[in-house]
Amino acid sequence: MAGTVYLVGAGPGDPDLMTRRALDLIASADAILYDRLIPRGALDGARPDADLRYVGKDPGGGSISQEEIEDQLVELAEAGLSVVRLKGGDPFVFGRGGEEAQALAAAGVPFEVVPGVTAGVAAPAYAGIPVTHRDEASAVAFITGHEDPGKPGSALDWGALAAFPGTLVFYMGVRNLEGIARSLIDAGRPESEPAAVVAHGTLPEQRVVAGTLADIAERAVAAELTAPAVTVVGPVAGLRETLAWIERRPLFGRSVVVTRAREQSSTLARRLMGLGAAVVEAPAIRIVPHESEELDRAVEGIERYALVCLTSPNGVRLFAEALMRRGRDARALAGAKVATIGPGTAEALAGFGIGADVVPERSVAEALVEELEPVPVEGRPVLIARAAEARDVLPDALRERGAHVDAVALYETVAEPLPERAIDAAARADYVTFTSSSTVRFFVDALARAGTPFPSEARVVSIGPVTSSTAHELGLDVHVEAARHDIDGLVEALLEDANQAAPA
Ligand code: SAH
């Protein structure tokens, strides 16, 4: 039986504007044929074994033809595969989705259409321009600005467009902007009509140039706007003066490097994006779970520990998994005191249904040692489940107090090779965030191996004193240190710093 082809819109660029249906289909597809203008990370959720094919237009030419794309869709579906055809914005708005649907219909291949948020609505919205407005525009027209209006036989009826009683939104209009503006004016649209160009709409790099039909082309050239961009013509373009909002987000225009492991970077990355930052994900480390006989023994005899110490959210996750894999669960810790090194670890533990008994104010082993003073450990078994490379402050101190300490490694932190584009972006960043000593070490190392100096203009943000001291050891200045040693604390500290200095 033939598989289904899904013609899916991926939205205008902000990954958060992808629909739930699009994400579900990407996650289950056997094959995905995608274009150039899809959101960053749009394919992150694809299956590792999915056949991912780039079929976009190369700006330098040499791209695959429309006919070939249609042939591939039919072929894959006829092989019984579930195929996603992923396009920027909406598949039926200047996306040739209609043609592809026709080809599928002709071949008898079942297909479905998943609308997406189209750039012509979303980019203006992110620029503070409603495409319709009660007082200013009761209609909106979407127009392809791809054509050179000077070309004989232009398909666009400029007289009709100039007379259109509402907002005009041109797609693909940067290069032809001057011709478009001139043609509208010549056909009777007032020179004084407000107009705005929104480039890279909905993205952290969004830029907007506003003016009138008379000067918009000149202004866009002066501002060196680059594609993709849409141009809005109509009184609504003037509303931006009061309605612009994205530029007012506290981290708009700042780029921030996130160095934590990929599996963990998303919370921090999303928080920063929500505040308007351009996030550069540069996961310098990877967590490799560590299975060992010591771990087997510890879990086997888990009930006998008087105290269990966990030192990182990764540790909690892997410890919980180690318990479950051996048929145990949270109840095995019923008789023990449970200590964590900081609030992030305590939060991870809460997710596992366990409230931490001990969480020190400062997230360093020394503070945990102090905090554990009232807990009787002499002659008792204590489990410390941690990273292979952890410092020995905690086990040493507890042994000194007469505890029988089992220090078990749950995972190892290893270097993750950074893609070139992450290194390039990091080199130009405004902020670099470090959430552990290993992120500092491995990130500095990755840059050194790539022959890229540490970004000298960047401000270094550290989650706490241990991370900061590692940074100092490696010759970095630490400009911002979180007062609370978790992700919220780090974001708060970064925001405060950003508020003090206006963007360059
Ligand atoms: N199907 C898409 C449009 C594809 S045509 C949609 O519904 O949005 C490509 C054109 O869309 C670009 O030339 C540009 O005019 C516009 N476009 C796409 N992404 C954009 C963005 N992030 N900001 C501004 N314009 C964008």
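This table checks each residue for (1) in contact (Cβ under 8 Å) with a residue 24 or more places away in the chain; (2) of a type outside the set (A, V, I, L, M).
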{"site": "Gly355", "(1), (2)": "no, yes"}
{"site": "Glu389", "(1), (2)": "yes, yes"}
{"site": "Arg399", "(1), (2)": "no, yes"}
{"site": "Ala426", "(1), (2)": "yes, no"}
{"site": "Val440", "(1), (2)": "yes, no"}
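Looking only at residues that are in contact (Cβ under 8 Å) with a residue 24 or more places away in the chain and part of a loop (DSSP other than H, G, I, E, B) in segment 470-503, which one is surrounded by the fewest Cβ atoms within 10 Å (Cβ to Cβ)?
So the residue we want is Pro503.
Can you tell which of Arg484, Arg449 is of a type in the set (Lys, Arg) and more than 25 Å from Ala367 (Cα to Cα)?
Unique residue meeting the criteria: Arg449.
Would you please name the residue that is farthest from the ligand (Cβ to nearest atom), looking only at residues in segment 42-91 that are within 30 Å of Val140 (Cα to Cα), touching a residue at least 40 places away in the same chain (Cβ under 8 Å) and in a loop (DSSP other than H, G, I, E, B)?
Only one residue tops the list, namely Ala42.
Answer yes if at least one residue in segment 251-259 is under 23 Å from Ala493 (Cβ atoms), within 20 Å of the chain's Cα centre (by Cα) and within 16 Å of the ligand (Cβ to nearest atom), and no otherwise.
The answer is yes; a qualifying residue exists.
Checking Leu203 against (1) more than 16 Å from the ligand (Cβ to nearest atom); (2) under 30 Å from Gly489 (Cα atoms); (3) not assigned by TED's automatic domain parsing to the domain that holds Val440, only one condition comes out false. Which one?
So Leu203 meets the others, but not (1).
Here is a check on your reading of the model: is Pro343 touching a residue at least 40 places away in the same chain (Cβ under 8 Å), out of contact with any Phe, Trp or Tyr (no Cβ under 6 Å at 6 or more places or on another chain) and within 25 Å of Glu481 (Cα to Cα)?
Numbers: touching a residue at least 40 places away in the same chain (Cβ under 8 Å): yes; out of contact with any Phe, Trp or Tyr (no Cβ under 6 Å at 6 or more places or on another chain): yes; within 25 Å of Glu481 (Cα to Cα): yes.
The answer is yes for Pro343.
Here are Gly179, Gly188: which of them is of a type in the set (Gly, Ala, Ser) and either away from the ligand (no atom under 16 Å from the Cβ) or outside the structural domain of His133 (by TED's automatic domain parsing) (or both)?
Being of a type in the set (Gly, Ala, Ser) and either away from the ligand (no atom under 16 Å from the Cβ) or outside the structural domain of His133 (by TED's automatic domain parsing) (or both) holds for just one of Gly179, Gly188, which is Gly188.
Do you know which residues across segment 234-263 are in contact with a helix residue (DSSP H, G or I) (Cβ under 7 Å, 6 or more places away or on another chain) and of a type outside the set (Ser, Thr, Tyr)?
Ile246, Pro250, Leu251, Phe252, Arg254, Val256, Val257, Val258, Arg260
Just checking, does segment 106-119 include any residue being without any contact (Cβ under 8 Å) to a residue 60 or more places away in the chain and surrounded by 17 or more Cβ atoms within 10 Å (Cβ to Cβ)?
The answer is yes; a qualifying residue exists.
Residue check: is Glu136 in the same structural domain as Gly238 (by TED's automatic domain parsing), of a type outside the set (A, V, I, L, M, F, W, C), surrounded by fewer than 21 Cβ atoms within 10 Å (Cβ to Cβ) and over 30 Å from Arg249 (Cα atoms)?
It is false that Glu136 is in the same structural domain as Gly238 (by TED's automatic domain parsing), of a type outside the set (A, V, I, L, M, F, W, C), surrounded by fewer than 21 Cβ atoms within 10 Å (Cβ to Cβ) and over 30 Å from Arg249 (Cα atoms).
Rundown of residues vs (1) over 30 Å from Met18 (Cα atoms); (2) in contact (Cβ under 8 Å) with a residue 24 or more places away in the chain; (3) part of a helix (DSSP H, G or I), yes/no style:
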position	(1), (2), (3)
Glu205	no, yes, no
Ala214	yes, yes, no
Thr226	no, yes, no
Val232	no, yes, no
Arg240	no, yes, yes
Leu268	no, yes, yes
Val280	no, yes, no
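Criterion first (surrounded by 17 or more Cβ atoms within 10 Å (Cβ to Cβ), within 27 Å of Pro15 (Cα to Cα), within 16 Å of the ligand (Cβ to nearest atom) and without any contact (Cβ under 8 Å) to a residue 60 or more places away in the chain) does Ala127 satisfy it?
When the stated conditions are applied, Ala127 does not pass them.
Failed condition for Leu394, given (1) buried (at least 22 other Cβ atoms within 10 Å of the Cβ); (2) more than 30 Å from Arg297 (Cα to Cα), with all others met?
Leu394 satisfies every listed condition except (2).
Looking only at segment 282-305, filter to residues that are in a strand (DSSP E or B) and closer than 22 Å to Ala426 by Cα; which one of those is farthest from the chain's Cα centre (by Cα)?
Ile287
Inspect segment 17-28 for any residue being in a loop (DSSP other than H, G, I, E, B), under 30 Å from Ala127 (Cα atoms) and modelled with pLDDT of 95 or more and give the result as yes or no.
Within segment 17-28, one or more residues are in a loop (DSSP other than H, G, I, E, B), under 30 Å from Ala127 (Cα atoms) and modelled with pLDDT of 95 or more.
Of the numbered conditions (1) without any contact (Cβ under 8 Å) to a residue 24 or more places away in the chain; (2) away from the ligand (no atom under 12 Å from the Cβ), Gly98 satisfies every one except a single condition; which is it?
Every condition holds for Gly98 apart from (2).
The values are calculated or read from the model by the stated rules, or taken from the named source; none is laboratory data. Since we're looking at a predicted model, the values are computed, not measured. Virtual Cβ from ideal backbone geometry, glycine too; neighbours counted across all protein chains shown.
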